[in-house]
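Following: one structure in structure tokens, then a few remarks.
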Amino acid sequence: QVQLVESGGGLVQAGGSLGLSCTASGLTFGRYAMGWFRQAPGKEREFVAAMSPGGVSTRYADSVKGRFTISRDNAKNTVSLQMNSAKPEDTAVYYCAAGLSTGAMTRRVDYWGQGTQVTVSS
């Protein structure tokens, strides 16, 4: 019933920018913290960014702080991730996620999207 669908993945050159979007359905979007995770080949899935239900609070992994920006539009049930100054190490499958809070999402996620591939060429 709950679906999180990512879009916007693709190939980008190092130093370039790429925007990801996630559209949610089947849940009360404005009551969930929303975020992004990523998983590179051979590595564990890692937290990237999250935003509180009302958009007041954000949280970023140190590796992306200052380069990535998370945003959400509760009227459209969407959450986005703007990736600037992309690095080859950003290459991964990016997953949209919904959880209780920004803090809780670093430990527990209630719903996951299917993922979208982001490749950063050097």
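The values are calculated or read from the model by the stated rules, or taken from the named source; none is laboratory data. Everything numeric in this text was worked out from a predicted model, so none of it was measured. So basically every Cβ, Gly included, is an ideal-geometry build from the backbone, and we count neighbours across all protein chains shown. What goes into the accessible areas is simple: the full protein's heavy atoms, side chains included, and nothing from ligands, DNA or RNA. Shrake-Rupley method; radii C 1.70, N 1.55, O 1.52, S 1.80 Å.
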Note down the accessible area of Ser71, probe 1.4 Å, to the nearest 10 Å². 50 Å²
Note down the accessible area of Phe29, probe 1.4 Å, to the nearest 10 Å². 10 Å²
Value at 222 nm in deg cm²/dmol, rounded to 500, when DSSP H runs of n ≥ 4 in the chain each add -39,500 (n - 2.57): -500 deg cm²/dmol
Of Val64, Leu18, Ala33, whose Cα points farthest to the positive end of the dipole of the stretch 1-89 (charges on the beta-carbon: +1 Lys, Arg; -1 Asp, Glu; origin at the Cα centre)? Ala33
Tell me the accessible surface of Asp62 in square angstrom (1.4 angstrom probe, heavy atoms of protein chains only), to the nearest ten. 130 Å²
May I ask you to give the solvent-accessible area per residue for the chain, in square angstrom, as obtained with a 1.4 angstrom probe? 50 Å²
Taking all protein chains as present, what is the carbon and sulfur share of the accessible area of the stretch 6-122, in % to the nearest whole number, probe 1.4 Å? 47 percent
What one gets for the chain as the Kirkwood radius, inverse of mean 1/r over different Cα pairs in Å, is 14.0 Å
If contacts are Cα pairs under 8 angstrom and at least 6 residues apart, what is the relative contact order of the chain in percent? 36 percent
Students often get this wrong: which residues of the stretch 68-88 have the backbone nitrogen under 20 Å from the point 7 angstrom along Cα-to-C-beta of Ser17? 68-73, 79-88
Let's test the formula: R0 of 25 Å, r as the Cβ-Cβ distance of Asp62 and Gln117. What FRET efficiency results, to the nearest 0.05? 0.60
Can you give the three extents of the C-alpha atoms in the stretch 3-42 along their principal axes, from longest to shortest, in whole Å? 37, 24, 15
Give me the compactness ratio for the stretch 23-89, meaning the Cα radius of gyration over 2.2 N^0.38 Å. 1.16
